[in-house]
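The values are calculated or read from the model by the stated rules, or taken from the named source; none is laboratory data. Computed from a predicted structure; not experimentally measured. Positions of Cβ are generated from backbone atoms using ideal geometry, with glycine treated the same way; all protein chains shown enter the neighbour counts. Just so you know, the surface numbers come from the protein's heavy atoms only, side chains and all, with ligands and any DNA or RNA stripped out. Shrake-Rupley method; radii C 1.70, N 1.55, O 1.52, S 1.80 Å.
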Amino acid sequence: MKKTNTKTIVMIGMFAAVLAVLSQISIPMPSGVPVTLQTFAVAFTGFILGWKYGAISAGIYILIGTVGVPVFSNFSGGPGVLFGKTGGFIWGFLFLAGCCGISHITKKKTVIALSSTFGLLICHLLGVFQFQIVAGMGFWESALLVSVPYLLKDAISVFLAYAVGKVVLKSLRAANISVCEKGI
């Protein structure tokens, strides 16, 4: 089994912190699901760290928020958030980060685009399912309220995370700073 080095642990923690900070840039919505930069942050984390470490970083963010540290949107935290109206989207971050991190396995842009889109759709499906249960609404009614209006913004966020991730990785390599896994 390969040992995890200090640099990798620092990068995972740093990106969990980036996710926590970007989660606070939030616009409340009447549905209770705010517009945030979380999707960008999670996708960026996956594109930079790779599927495994990106998902671990998202998992650490979720764990920290679950124990009560106010890292979720609008400085919220605790298990009530994770099991509330927006919790399904938060669980979906694990899949989004992992699927975006596929970019560390392949250079094929079609595969990266499909994998990232799949991760985004899983994130939205989990969000809709949990919202539906918590709010006591039907699937399509929930989807039209908390998913469909956000899809274009989230797709653009994932694309921008990929574009910014390429530039950041190039700059890190030029500065002779390696990341956790070989990246985009």
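Remarks
- The angle between the Cα long axis of helix 148-174 and the main principal axis of the chain comes to about 20°, on a 0 to 90 degree scale.
- Carbon plus sulfur fraction of accessible area for the chain, probe 1.4 Å, in percent: 75 percent
- Whole-number Å³ per residue for the convex hull built on Cα positions in the range 1-51: 83 Å³
- Among Met11, Met29, Met137, the largest mean-square fluctuation in a Gaussian network model of the chain (Cα springs under 10 Å) belongs to Met29.
- Positive dipole terminus of the chain, leading residue within Leu172, Cys123, Phe93 (C-beta point charges): Leu172
- The chain, Rg to Rh (Cα coordinates; Rh as Kirkwood inverse mean 1/r): 0.98
- Entries of Lys85/Lys166; Lys52/Lys166; Lys85/Lys108 with Cα pairs more than 30 Å apart: Lys85/Lys166; Lys85/Lys108
- Residues in the chain average 50 Å² of solvent-accessible surface per residue, probe 1.4 Å, ligands and nucleic acids excluded.
- When only Cα pairs below 8 angstrom with a gap of at least 6 residues are kept, the range 1-141 shows a relative contact order of 23 percent.
- Charging the Cβ of each Asp and Glu at -1 and of each Lys and Arg at +1, and nothing else, the dipole of the chain about its Cα centre rounds to 860 debye.
- Between Ile102, Ile62, Ile25, the Gaussian network model of the chain with springs among Cα atoms under 10 angstrom shows the greatest mean-square fluctuation at Ile25.
- Most mobile of Leu152, Leu120, Leu63 in a GNM of the chain (Cα contacts under 10 Å): Leu152
- Scaled against 2.2 N^0.38 Å for its residue count N, the alpha carbon radius of gyration of the range 77-184 is 1.24.
- The label point for Ile177 and the one for Ile156, both projected 7 Å from the Cα toward the Cβ, are 2.9 nm apart.
- Amide H to amide H distances under 5 Å link Val35 with Ile27, Met29, where only residues 5 or more positions off or on other chains count and H is placed in the peptide plane.
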